[in-house]
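Here is the structure we will look at, set down as structure tokens.
The values are calculated or read from the model by the stated rules, or taken from the named source; none is laboratory data. These numbers come from a predicted model, not from an experiment. Positions of Cβ are generated from backbone atoms using ideal geometry, with glycine treated the same way; all protein chains shown enter the neighbour counts.
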């Protein structure tokens, strides 16, 4: 198995799939939850994510589409709670959540979530 550098790049040049900004679905245990969002960091200690619970996805889409104010959750999940992390990719003819978000809002989800979740208030106002 090849090692991974600090920058998240394998020596062969292939990048690591779960880099900062990757859109993922995280399944958590104790209590069981699912979150959709952009990876802020992934370390042995845990996963930092900027996003929403899966159950709130349609509400978020509506708020963004109607240009209502919202704040994405910036959350750290300790690794003992993380059961699974999967890239938000389409499954055959079923679009990914990111594709659904973009088709309904016309915006890139990582850009929207990260700006509204972790940027200082001045930066959020500059993008609106």
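Things worth noting here:
- All of 37, 117 fail the test of being outside any helix (DSSP H, G or I), within 16 Å of the chain's Cα centre (by Cα) and either surrounded by 17 or more Cβ atoms within 10 Å (Cβ to Cβ) or modelled with pLDDT under 95 (or both), apart from 37.
- Filter result for residue 70 (surrounded by 15 or more Cβ atoms within 10 Å (Cβ to Cβ), touching a helix residue (DSSP H, G or I) at 6+ places or on another chain (Cβ under 7 Å) and in a helix (DSSP H, G or I)): no
- Filter pass, residue 20 being modelled with pLDDT under 95 and over 23 Å from residue 106 (Cβ atoms): yes
- Test: residue in segment 74-88 that is at pLDDT below 95 and either in a helix (DSSP H, G or I) or more than 14 Å from the chain's Cα centre (by Cα) (or both): no
- Each residue in segment 40-58 was checked for being in a helix (DSSP H, G or I), touching a helix residue (DSSP H, G or I) at 6+ places or on another chain (Cβ under 7 Å) and more than 20 Å from residue 89 (Cβ to Cβ), and 0 of them qualify.
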